[in-house]
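No value in this document is a laboratory result; all are computed from the given coordinates. A quick note: this is a predicted structure, and the numbers were derived from the prediction, not measured. Virtual Cβ from ideal backbone geometry, glycine too; neighbours counted across all protein chains shown.
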Amino acid sequence: MFDRPAAAGAAVLVALDFGAPGYAESLDELAFLAKSAGLDVRGIVKGKRARPDPALFAGRGKVDEVRAALVDAGAGLALFNHELSPAQERNLERELGARVVDRTALILDIFAQRAKSHEGKVQVELAQLEHLATRLVRGWTHLERQKGGIGLRGPGETQLETDRRLLGKRVKLLKDRLAKLRRQRDVQRRARARGDVMAVSLVGYTNAGKSTLFNALTHASAYAANQLFATLDTTTRRVYLPGAGGLTVSDTVGFIRELPHTLVEAFRATLEETIHADLLLHVVDTSSSVRDQQIAEVNKVLAEIGADAIPQILVWNKIDLVGLEPGVDRHECGNISRVRLSAKTGAGLDLLRAALTEAAASRASAAQPDPDTIHGESARNAYVT
């Protein structure tokens, strides 16, 4: 998405404190994002402001400080822990003489590196193009170079108009492809529904351990690593549990604070596995000092995609890192609210399987028809004296 500087991806991070909570954690997350993208972080520039500068986001003095840090570090990339407007990005690049990337573009770049399936690649490209549609400061005619340049431009079009037209055509093509893939996914989902199989989806903040838990539950070999957004493509496996029968478990993309809206929209087809689930296993990194904020961020995205009404069980993962014992907590009504476990060591996995068995039994019981309605009015009248 952006050109790596000559110094092997050397970058300087820029994070301004506007008084919002979680500043330190957000900066740590930016460093982890940069590492996940393969960047070499050589410096960090911090600062405090009441509000962003309309032209440069940071003040003139802070921009001079960033320029000096880039020179001292031998870096050609300034990575901002914020979302920049197209004008701010252009102005900063002019002032710094270096490539400027904001948090949204960085996340998109990581997604582009991680996407493996055809659907994942289409979704990422669509998100990238829609994000960059307002940043047409470079030519986009490379999208059609394989077809030749002659005859592409309409009468009286400027280069910018040509670029926008080509970009619009590519976006429409990608949306059509995603619509086709969505229809295929709908057919597969309806087939599972006809088999009356309970659908379980793993959701959670990125790097909470969803893929490790998925592998432990399903004996699969989905990619799992200590990096952000290790999983992009939804993977679904069938699992058989004694006492519950068969069910499907899906591993989904992780969420993060300030997840770009273009990504949420582009990945809606993938996230529909979550929307249509019967139960969500909300995986939480118990060792994180900001786990409550991460839980809130995940629930915010679930509400945005219309999955906030689906029953959840909180899965407090990584208890081995904080010395907690495996266990189960219940709501006042008696239903399981939380399971404490370690997907890495396997401690507590039996408790989660028991929770899934209980949820499946509850679902089957709820699906049983009411005896009073089996024979209509006559059944109800049978109890009238």
Cα-based Rg/(2.2 N^0.38 Å) for segment 1-108, rounded to two decimals, is 0.96
Listed by chain and number, the lysines with an alpha carbon less than 25 angstrom from that of K318, same-chain partners under 8 positions apart left out, are K35, K210, K300, K344
Taking 0.36 nm per residue of separation between K344 and I275 and subtracting their Cα-Cα distance, the length gained on full extension comes to 22.1 nm
Straight-line reach check, K172, cutoff 28 Å on alpha carbons, 8 or more apart in-chain or any other chain, hits among lysines -> K116, K121, K147, K180
For M198, the residues 5 or more places away or on another chain with a placed amide H closer than 5 Å to its own amide H are T248
Pseudo-spin-label distance Q293 to V322, built 7 Å along Cα→Cβ, given in nm, is 1.5 nm
Everything considered on the Cα gyration tensor (a ≥ b ≥ c; rounded for a/c under 1.5, else prolate if a/b is larger than b/c, else oblate), segment 67-111 must be described as oblate
Between L241 and K116, the two model label points (7 Å from Cα along the beta-carbon direction) sit apart by a distance in nm of 2.6 nm
Output ordering of 292-300, 171-179 (per-residue mean of other Cβ within 10 Å, highest first) is 292-300, 171-179
Ordering 301-308, 249-256 by per-residue average of other C-beta atoms within 10 angstrom, highest first, gives 249-256, 301-308
In nm, the gap between the two label points placed 7 Å beyond Cα toward Cβ at R51 and D64 is 2.5 nm
For segment 1-139 the mean separation of alpha carbon contacts under 8 Å (6+ apart) over residue count, i.e. relative contact order in percent, is 28 percent
